[in-house]
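First comes the structure, then the notes that go with it.
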Amino acid sequence: QAAAVIAELVDRALALAGPSAASATVELRDVLIDAPRAHPGALPAVIGIENGAPAVVDLVADGPHAVVVGVTGSGKSELLTTWITALCATHPTSAVNFLLADFKGGTAFDALGELPHVTGVLTDLDEAGARRAIESLRAEIRWREGALTRAGARDILDDRVDLPRLVVVVDEFATLVGAQPELHAVFTDVAARGRALGMHLILGSQRATGVFRDALLANCPLRLSLRVTDAADSRFVIGTDDAARLPGGAEGRGFAFVRRAGDAVPRPVRVAMSAAADRARAADPGGSTGGSAAEVRRPWLPALPSRVDLEELSPAAGPRMQGIVLGLADEPESQRQMPLVFPAHERGLVIVGGAGSGRSTAVAGIAAQIAGGRQLWIGPDPESAWDAVNALAHRAPQQGSIVLIDDLDALLPYFPLDYAQTFAERLERVVRGAGDAGIQIVLTAQRLTGATARIAELLPRRAVLAMPSRADFVAAGGTSALFDRDAPRGRADIGGVAVQLAMPASTVPRAGAPTVAATPWHPRGPITGVVTRAGGSLRDLESELRRSDVDVIAVEDGASALESGEGSTVVLGDPESWQRGWRTLMAVRIDHDLVIDAQCAADYRVLTGDRELPPYAHPSRQRAWLLRPGESPHRVELPHSDQRW
């Protein structure tokens with residue numbers, strides 16, 4: 001019984017369509033012969049055969065927007081291609097332009113990209129580019145509203161307005177809004193205001209229910225349905241079950257039911273097939289369109305370049321934009337790309353990104369714009385970093401200075417726990433006071449965790465570069481929609497805006513040496529106490545001292561040396577021997593120099609009674625602390641085999 005119903009339906013469609021419909025294919029070139037003439041205020045197009053005559057749909061008169069539904073294999077892409085080709089063949093570029101988006105993973109619109117009417121072809125392979133192009137439609141609405149206002153017109157039909165109509169065609173609308181639901185609002189806005197502005201939508205989808213919201217569908221009175229598998233989809237689009245009764249396979253392919261606002265029932269149409277020759281004729285500006293091709297204005301900007309040179313971008317920022325040029329910002333919602341400036345009054349900036357994302361080069365681009373005397377680099381060497389942050393915590397640099405900290409999260413683990421905590425606390429104090437001190441802080445990190453995350457939260461602006469995964473990108477503060485696994489080096493998300501950070505032409509040298517050169521130590525005065533680690537370290541140091549004609553005695557013999565006070569003697573021992581000789585230790589601390597090997601840092605507070613940490617000293621660099629009566633401890637270098645006094 002079901003088969004009989006289907007057969008009856010197909011027979012009715014073929015009868016209505018006439019003899020041409022019974023053939024395997026209806027060619028577009030054959031039906032274009034009888035195409036209606038183009039005239040202002042209309043966009044008629046022949047899409048096939050209806051009741052033996054050309055089937056014409058007018059996107060202006062029947063629209064202003066259309067919905068096209070059909071399952072895979074029903075011929076939906078062919079219908080859209082035919083419709084676009086027919087419009088291009090019968091209308092000049094000054095009358096209509098297209099923005100095409102294919103989100104079903106195919107290449108249905110690739111062949112249309114060469115038509116002069118087409119401003120761009122978007123695919124789901126470039127998700128970020130497609131998103132920014134569609135968001136540009138908001139800016140297109142504002143631009144067209146401005147054009148009408150300047151002309152004193154109410155809509156595009158006014159003779160004082162010279163604007164081409166823009167038709168946005170989306171194949172697989174469900175995939176687009178499924179991946180990015182917030183874009184539904186963009187299409188709803190275009191649908192609501194498009195008629196007066198000359199903006200039209202043709203939205204294709206495999207299904208209808210649950211895809212098109214009522215606010216959008218209400219402005220799409222032109223409905224076309226090819227074969228669907230769910231009767232609810234057929235009723236939702238054309239008001240009857242006819243499209244669900246079409247047979248599958250080759251028999252039902254290319255049959256569509258069209259329902260205009262004034263139609264009592266849907267009307268069957270055999271869709272015409274377009275060929276390369278049809279597109280070639282449509283691309284000929286002096287051919288069937290009857291005039292030369294006008295320059296097409298793109299409603300969206302090209303993607304950001306993969307590299308922006310600082311030397312080219314800085315002049316574009318203009319002298320009135322006070323601050324540091326960060327890069328080129330992409331603002332599709334405003335149809336512009338502008339230099340992004342880090343203003344002088346902002347306290348700081350965090351640059352976070354994965355390996356090879358361009359963190360260090362971005363910092364170099366910032367440093368290139370700052371006079372050398374106003375740069376303070378805090379680099380990867382823990383000793384120099386400790387000294388720099390300690391100095392900043394006690395005295396701020398001159399106003400207008402910028403503190404540049406590269407890879408903070410990699411620097412902190414170099415310190416022992418107590419040093420790392422103190423370093424982070426002092427840096428946090430510097431960051432909190434940066435605004436009052438009139439300085440700026442720029443730090444980079446690969447990940448924001450622990451103390452690095454706490455300090456980063458104190459800075460008002462954040463640039464998130466490429467990260468290994470979307471989850472990492474969002475956790476670092478990036479916008480999910482701007483995540484791009486293949487983002488070029490220097491591509492950042494700054495406050496929800498895509499920015500290509502400016503790169504200097506050459507590497508900017510960091511101010512200061514990469515490591516601290518500690519003062520070589522040698523005994524001064526009659527008695528010097530030296531604490532070093534037991535074993536090989538003690539024996540090597542004793543050997544070096546004796547080689548330099550220094551008298552060395554053990555801690556156990558130190559009391560006699562203190563009593564005699566003759567000559568220049570070093571009292572040498574490990575931490576345990578010094579703690580056993582407590583009276584000798586106290587006498588040295590009060591009246592003489594005390595040198596403590598950095599390898600004995602765990603015993604420093606016990607031996608000195610000082611609760612404050614001394615300057616950080618790297619234990620593998622022959623470092624030690626020199627404590628002189630009445631002075632703060634400072635870092636020195638112990639003698640070793642390749643050193644002579």
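The values are calculated or read from the model by the stated rules, or taken from the named source; none is laboratory data. Keep in mind the model is a prediction, meaning the values are calculated, not measured. Here the Cβ is made from the backbone with ideal geometry for all residues, glycine too, and neighbour counts use every protein chain on show. The accessibility values were calculated without ligands, DNA or RNA, using every heavy atom of the protein model including side chains. Shrake-Rupley method; radii C 1.70, N 1.55, O 1.52, S 1.80 Å.
Tabulated data
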quantity	calculated
Tail beyond 17 Å, pair distance distribution of region 359-406 (Cα, percent)	34
Unit charges on C-beta of K, R, D, E only; dipole of region 165-312, Debye	640
Solvent-accessible ranking of Arg132, Arg605, largest area first, probe 1.4 Å	Arg605, Arg132
Dimensions (Å) - region 549-625, Cα atoms, principal axes, largest first	35, 27, 20
Å² per residue, accessible surface of the chain at 1.4 Å	44
Inter-site label distance for Val474 and Thr25 at 7 Å from Cα along Cβ, in nm	4.7
Surface share of carbon and sulfur [accessible, 1.4 angstrom probe, percent] for region 25-108	50
Length gained when the stretch His634-Val497 is fully extended (0.36 nm per residue, less Cα-Cα span)	44.6 nm
Accessible surface of Cys220 - all protein chains present, 1.4 Å probe, nearest 10 Å²	0
Surface share of carbon and sulfur [accessible, 1.4 angstrom probe, percent] for region 532-581	41
Surface share of carbon and sulfur [accessible, 1.4 angstrom probe, percent] for region 378-417	55
Region 363-442 - convex hull of the alpha-carbon atoms, volume per residue in Å³	83
Packing rank of 488-494, 110-116, where each peptide gets the mean count of other beta carbons within 10 Å, highest leading	488-494, 110-116
Inverse of mean 1/r across different Cα pairs in the chain, Kirkwood, Å	30.5
Sparse-neighbourhood loop sites, GluC sites (Glu not before Pro) in region 593-645 - DSSP loop, at most 11 other Cβ within 10 angstrom	Glu612, Glu631
Accessible heavy-atom area order of Lys104, Lys76, highest first, probe of 1.4 Å	Lys104, Lys76
Bins of 5 Å, starting at 0 and running to the largest distance - Cα pair percent for region 367-517	2, 9, 17, 20, 20, 17, 11, 4, 1, 0
Cα gyration tensor category, rounded, prolate or oblate, for region 64-147 with a/c compared to 1.5	oblate
